[in-house]
1. In whole angstrom, how long is each semi-axis of the equivalent ellipsoid of the protein assembly as shown, when you take the square root of 5 times every eigenvalue of its Cα gyration tensor and sort them from largest down?
2. Roughly how many nanometres apart are two label points built 7 Å out from the Cα toward the Cβ at B:L106 and B:K131?
3. On average, how many beta carbons from a partner chain sit within 10 Å of the beta carbon of a residue in B:125-135?
4. Work out the count of Lys pairs in chain A where the Cα-Cα distance is under 15 Å, with the pair 8 or more places apart or on different chains.
5. Counting only other chains, and only Cβ atoms inside 10 Å, what mean value do you get across the residues of B:118-124?
6. Excluding same-chain pairs closer than 8 in sequence, count the lysine pairs in chain B whose Cα atoms lie under 14 Å apart.
7. How well do other chains shield peptide A:137-149, expressed as the mean number of their Cβ atoms within 10 Å of each residue Cβ?
8. Would you compute, from DSSP H runs of 4+ residues alone, the mean residue ellipticity of the protein assembly as shown at 222 nm, taking -39500 (n - 2.57) per run and dividing by the full residue count, rounded to the nearest 500?
Amino acid sequence: MDSREGSSLLSLPIMVLKYHMATKDPILIRNAVPTDLDAIIEIDDVGPKEEKPAYWRGIFSHYGSGEKKERIFLVAETGGEIVGFIAGEVRAWEFGSAPCGWCFALAVSPKMRGAGIAKRMFDEIRRRLKGAGVTTVRTMVDRNNKVTLSFFRSQGLRSGRYIELEREID
Amino acid sequence: MKLNKGSLFALFAVLELAGNGDRQLSTTDIAGKYGISTHHLAKVMRNLVHSGLVQAVRGVGGGYRFAGNVSRTTLLDVIQLFEKLESELDMPNQGNPACEPIVAELRSITGEIDDLTKAILDTITLETALKSTRLRTEAAASVAAGTPS
């Protein structure tokens, strides 16, 4: 049986969104399932490709079950094709920060950009994070990734109370 | 960061024109609305036309209209037409060897600040700035009317 047809998944909230003009198929936002991983790796255009299968398998095992409301891994699907994904979780008390939502991955297939898919995925993860009891969402994006940074800016995110610092380890 | 008048006037003009679609506005219209110098704004408009962000429309009822991409043009794109946004150290003792290590460290720090400033301005599109401005205006109007926003 296709894991997408599993009974546990049937009970999961699924959003049917507006039709994309290029496909005329409805765009669904739903929990990720194991058979989505190849498409997720293909869409993920940040970092070295060869390290992605192991990375995303690890992410899926941690976030993909959909059983814990504070761990969220969603995909956007249209016409049977995965066209985007978003992942996040509730994190708490890192350097004194009260529990907040943390969005650590977001991507949309280049051919489907401009259709509002990222916004719909982000709306859904915000809805779920709110349901998990947090009122703030954070993210961290490479400063050269203008597409993703501009998207988050357009959704109202601003520089927050925490500053990212880093250095090479000798 | 201190924006110079040219940048500020350019942002007033570009956001006003971008927020009004195909509507043409004259320098006097824009200067009048924001209470700024028509003479100075005219110079700014020439620079904006030269950059291609704004188009001059001649003839009766002529003026300017936005000619860029509202969802791609960022605040930094506009500001950098008028200034570099780089911190300067007001050094009285240029070339004094005793100053060099400290000056080098300060340049490194101000460079980090400048990079962050530019990174932020380069991710705010005109579309996002217009949306945020509209929400801010609506919220202020709600407060003034005594109704929840």
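1. Those come to 41, 29, 19 Å.
2. 4.1
3. Rounded to a whole number, the mean comes out at 2.
4. Value for chain A: 4.
5. Mean shielding count: 5.
6. Count of close lysine pairs: 5.
7. For peptide A:137-149, the averaged partner shielding equals 2.
8. The helix contribution divided over the protein assembly as shown gives -12500 deg cm²/dmol.
Read-outs throughout are calculated quantities, based only on the coordinates presented, and are distinct from any laboratory measurement. As the structure is a prediction and not an experimental result, all values here were calculated from the model. Every residue, glycine as well, gets a Cβ built from its backbone with ideal geometry; the counts of neighbours run over all protein chains shown.
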